[in-house]
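Below: one structure, written as structure tokens.
The values are calculated or read from the model by the stated rules, or taken from the named source; none is laboratory data. Quantities reported herein were computed from a predicted structural model and do not represent experimental measurements. Here the Cβ positions follow ideal geometry from the backbone for every residue, glycine too, while neighbour counts run over all protein chains shown.
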Amino acid sequence: MTSAQNAAPVAVVRGLGKTFADFWGRARVKAVDGIDFEIRHGEVFALLGPNGSGKSTTVKLILGLLYPTRGDITVFGKSPRAVETKQEIGYLPEESYLYPYLTARETLDFYGSLFHLSAPERKSRIDQLLEMVGLSHARDRKVGEFSKGMARRIGIAQAMINDPDFLILDEPTSGLDPIGCREVKDLILTLKKRGKTILVTSHLLSDVEDISDRVVILYGGKIRSQGKLEDLLTVGDQTRVTFTTPDQSAQRKLENALHNGFPQEKIIIDHPRRTLEEYFLDVVKQAKAENVSTSGAAAGGKIADYLNTPKSKDEILQSLLPQENISVPSAPDTAPEQKEVANEEKLRSLTEEKSVGIPPKATAEDEEINKQKLADAEARLDQLLGGK
Amino acid sequence: MQSFFAIFRIASRQMIRSRFFRVLVVLLVLWSCAIPALIADREMGDFLRIALLYSTAGVNLFLGCNAIWLGCFAIDADMESAQLHLVVVKPISRLTVYFAKFCAVAWINLLLLVIAFLAIFGMINFRFRHGEIPAETRERIQNEVLVGRRVYLPDQGDYENASRRIADAMLADAKASGENVNLNDEVYFAREAKKKAMAKDAEMRFNIPKEWRFKNLPAGQLTPLVLRYRVFVKGVTDARQRTTKLVWLAGIPRNEVAGGKTAFDFLPLSSAPEQLMGGTFTERLIPADAIAPDGTLILRAVNLDPDKAPLFLQPTDGPKVLIPVCGFARNFLRMTLVSFLLILTLDAIGCAFASFLSLATAVFCSFGYLLLGILSQHWAMQRTYPDLISRFGYYLAKGVLFFVVPLQNFDATDLVSDGELVEFAWIGTIFLFNVLLRAMPLFAIGAIIYRNRELATAVKR
């Protein structure tokens, strides 16, 4: 059991249903139909689903903007409509619902006032947040003049003004450029490290895959699948071996060896590809290095200090504990690109040792079979390569 | 309070930015300054009275519309654009949001009201002080227009008993003549009887003195009182009115008291019969010693029309006795207070409707509500009902007035333009019966709905 699994749930949804009715009270649309899930403390939880699957309705129900037709929701053990519950919630809506005539600074000041923050505290946080989302240069520009991406960034900043324990992000990367997406994902992971709980909805599955611990997939207002990302995505009956190929002849040798060694298996050999995101980030990084100017949002600065600073004794204590005690082993605790590099390193070392990766969470019986298969394969591979 | 003021400020900014508001402000400024600045084409006293009446009534109209619009706009605009979603997910109660917006609307309208009324007050005073006005007219204006005078009305005739007696007599006559009298006939007789009773009370026949008794006047009054009235010649229509004559007599109490009752000597208020134009208001001074020690004043009028035609003095046309109690500025300030109560009421109505309706529908319903109040008040004030349906309408109107605010109740502009005091007691009555007991319950219902409604369903894309 991970710490997240042990922790008390931040939000509990039981038998939740929401039916939209017309003026006469006749049921028209069943947006959410009897769903159950828990969002545990310190996890990144994702709600996925196609358009009209009930994601946004569920989020609005959790926020108390809509009321359930049936079922229960508790957030921090209370009704989502309770004012005190909202003290610890940060919300980024799907669209920019900001006041267009306020400047970026006034916008954050306004939302900060609603959290009863003192004027100096608000000022300090506003400066840090604007720096963090890369809008320091646009602090006195009206939000109505912002591009969609800039409005999204200020939306993220307003959601963070109270240093929330529970952050609800509805399509957080929508409208952001890849740099912004990366920054948002980094921010989410940083907040997760601090023990924050995050609920994300997104159509961009790759974004969700990078950051979330558990997902719920909705369709037609019902849960079609839910669980830990690793459990859901790992293809247990297939194995991938990755290593560097110095030249064509070596590759050919390997191909022949594998075909000869595993005549019954269907073996696919190809070149791994970088993701477009990685490639794009490299291009931009290069452009920056060449000092190419831009009038849009600058890349964000460092994470706001107050978001990095533990708030309570418990949090300080938690930050001092060994990492494995506070992190979820199955979830990434480093930035995705670092994780990817680490994975590549791991795979390389495995291939150097001529071993094959074993999918996690295999049963004892599976493990036994895999071990046997692995031993056989190693022996045959050694024999084949050695023979050449 | 921090979050209250945050909402207050944002709502104020949002309202000031609305185009409707800006257009109304331009109209308000034009209206406030334009009418008092017009070139007077009649006697200065009349001009100032009319300028006061129309400019202040116009300001009330503009600000009333503004209060309704802004009340609806403040509540609905950010609900429909979903900006409110980001507010209510913060730790602030919806009731605070609702009340802060109500206060913001009230504050903005109060600000505009003060500016507009200051402009009118300044313009009226400027015209009075710097105009070429004869000394006599100037004094008259000061005594009749730019003053606050307490109003005393005479004891009203008992129309109900009088009309019942007349109706009974008509019914008896009809039955005696062998007519088959049904319910409709009885309603008809009652209506006619009431008309006759009122006409009889208003009529002044030639050379027959008619008497009015005023009570509760201040016994120690030192300065003269003012008598204000308007007579019609032959009939109560404005058309074909002409000059006529009458004489007023005031009962001067004797020193000795006979049998516990004060005896009066009636002395004419003028040395010769008064010549006046039918259909216009006239004012005349009454000596202060006409008030008896118990506060009673008795006035008599004798019709001396050259053609011996009857004169008519309806209850709404006087006679009234007026006693100056304060200056124009203080009376004007009291009217401003009444206008502010009007704004509060309309603001509350707008907010209440907007709490559960869309912006356009809420504005429409608010005006519908006000129209219902105006018509109900008008209907309930009728003194005759031609048929059963009308009588049903009367009771329906009375019922509606239990919870609907009639706007007529807030009209203090005609009082100020006539130099009549806007009584604090009257203001208190308005506050209690119109603001507290009628508008505020509606506002409270709106608050409950606003607190409990689902917000995310009201999004205009």
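Residues that are touching a Ser or Thr at 6+ places or on another chain (Cβ under 8 Å) and surrounded by fewer than 20 Cβ atoms within 10 Å (Cβ to Cβ) within the stretch B:305-322 comprise B:Pro306, B:Ala309, listed in sequence order.
For the stretch B:64-80, taking the residues that are out of contact with any Ser or Thr (no Cβ under 7 Å at 6 or more places or on another chain) and away from every other protein chain (no Cβ under 14 Å), the one that is surrounded by the fewest Cβ atoms within 10 Å (Cβ to Cβ) is identified as B:Cys65. Against the conditions (1) in a helix (DSSP H, G or I); (2) farther than 17 Å from B:Ala116 by Cβ, B:Pro91 satisfies every one except (1). For the stretch B:42-91, filtering for residues that are within 23 Å of the chain's Cα centre (by Cα) and among the β-branched types (Val, Ile, Thr) leaves 4. Restricted to strands (runs of 3 or more DSSP E) entirely inside the stretch B:225-312, those with at least 2 residues that are out of contact with any Leu (no Cβ under 8 Å at 6 or more places or on another chain) are B:243-258, B:261-268, B:274-277. Considering only residues in the stretch B:100-126 that are under 30 Å from B:Ile35 (Cα atoms) and not hydrophobic (A, V, I, L, M, F, W, C), the one that is farthest from the other protein chains (Cβ to nearest Cβ) turns out to be B:Asn125. Of all the listed residues (B:Leu372, B:Leu407), the sole one being at pLDDT below 90, within 29 Å of B:Arg334 (Cα to Cα) and out of contact with any Phe, Trp or Tyr (no Cβ under 7 Å at 6 or more places or on another chain) is B:Leu407.
Assess whether B:Ser417 counts as being more than 30 Å from B:Arg228 (Cβ to Cβ), of a type in the set (Gly, Ala, Ser) and surrounded by 14 or more Cβ atoms within 10 Å (Cβ to Cβ). No: the conditions fail for B:Ser417.
Name the single residue that is nearest to B:Met1 (Cα to Cα) among those in the stretch A:100-152 being among the acidic types (Asp, Glu), surrounded by 16 or more Cβ atoms within 10 Å (Cβ to Cβ) and within 14 Å of chain B (Cβ to nearest Cβ). Step by step, filter the stretch A:100-152, then rank; the result is A:Asp109.
Against the numbered list (1) within 20 Å of the chain's Cα centre (by Cα); (2) part of a helix (DSSP H, G or I); (3) in contact (Cβ under 8 Å) with a residue 60 or more places away in the chain, B:Leu333 comes up short only at (3).
Residue count for the stretch A:79-113 under the criterion of being farther than 17 Å from A:Asn162 by Cα and outside any loop (DSSP other than H, G, I, E, B): the result is 1. Listed by position, the strands (runs of 3 or more DSSP E) contained in the stretch A:16-78 that have at least 2 residues being more than 20 Å from A:Pro93 (Cα to Cα) are A:27-40, A:70-75. With respect to the conditions (1) away from chain A (no Cβ under 14 Å); (2) outside any loop (DSSP other than H, G, I, E, B); (3) surrounded by fewer than 22 Cβ atoms within 10 Å (Cβ to Cβ); (4) in contact (Cβ under 8 Å) with a residue 40 or more places away in the chain, B:Arg129 falls short on a single one, namely (4). Within the stretch B:24-45, is there a residue that is buried (at least 21 other Cβ atoms within 10 Å of the Cβ) and either within 14 Å of chain A (Cβ to nearest Cβ) or in contact with a Leu (Cβ under 7 Å, 6 or more places away or on another chain) (or both)? Checked the stretch B:24-45: at least one residue is buried (at least 21 other Cβ atoms within 10 Å of the Cβ) and either within 14 Å of chain A (Cβ to nearest Cβ) or in contact with a Leu (Cβ under 7 Å, 6 or more places away or on another chain) (or both).
Just one of the listed residues (B:Asn143, B:Asn109, B:Asn125, B:Asn161) is among the polar types (S, T, N, Q) and farther than 30 Å from B:Leu28 by Cα, namely B:Asn161. Tell me whether the stretch B:450-458 contains one or more residues that are surrounded by fewer than 16 Cβ atoms within 10 Å (Cβ to Cβ), of a type in the set (S, T, N, Q) and more than 14 Å from every other protein chain (Cβ to nearest Cβ). No; the residues of the stretch B:450-458 include none that is surrounded by fewer than 16 Cβ atoms within 10 Å (Cβ to Cβ), of a type in the set (S, T, N, Q) and more than 14 Å from every other protein chain (Cβ to nearest Cβ). Hey, can you tell me all the residues within the stretch A:44-61 that are facing another protein chain (nearest Cβ under 10 Å) and more than 16 Å from A:His203 (Cβ to Cβ)? Answer for the stretch A:44-61, where residues must be facing another protein chain (nearest Cβ under 10 Å) and more than 16 Å from A:His203 (Cβ to Cβ): A:Lys60, A:Leu61. Where helices (runs of 4 or more DSSP H) sit wholly within the stretch B:358-447, those with at least 3 residues that are free of Cβ contacts under 8 Å to residues at least 60 places away in the same chain occupy B:359-381, B:388-400, B:424-430.
Of all residues in the stretch B:299-317, those being closer than 22 Å to B:Lys261 by Cβ and more than 27 Å from the chain's Cα centre (by Cα) number 1.
Within the stretch B:81-99, residues that are facing chain A (nearest Cβ under 7 Å) and within 19 Å of B:Ile445 (Cβ to Cβ) sit with their Cβ atoms under 9 Å from residues that are assigned to a helix (DSSP H, G or I) and of a type in the set (Gly, Ala, Ser), at 6+ positions apart or across chains, in these pairs: B:Ser93/B:Ser3. When B:Phe4 is evaluated against the numbered criteria (1) away from chain A (no Cβ under 14 Å); (2) of a type outside the set (Lys, Arg); (3) touching a residue at least 60 places away in the same chain (Cβ under 8 Å); (4) surrounded by fewer than 20 Cβ atoms within 10 Å (Cβ to Cβ), which criterion, by number, is the only one it fails? Looking at each condition in turn, B:Phe4 falls short on (1). Out of the residues in the stretch A:62-78 that are more than 10 Å from every other protein chain (Cβ to nearest Cβ) and of a type in the set (Ser, Thr, Tyr), which is nearest to A:Phe166 (Cα to Cα)? By that ranking, first place goes to A:Thr74. Checked against the criterion of being within 24 Å of the chain's Cα centre (by Cα), aliphatic (A, V, I, L, M) and surrounded by fewer than 18 Cβ atoms within 10 Å (Cβ to Cβ), the candidates B:Leu153, B:Leu146 yield just one match: B:Leu153.
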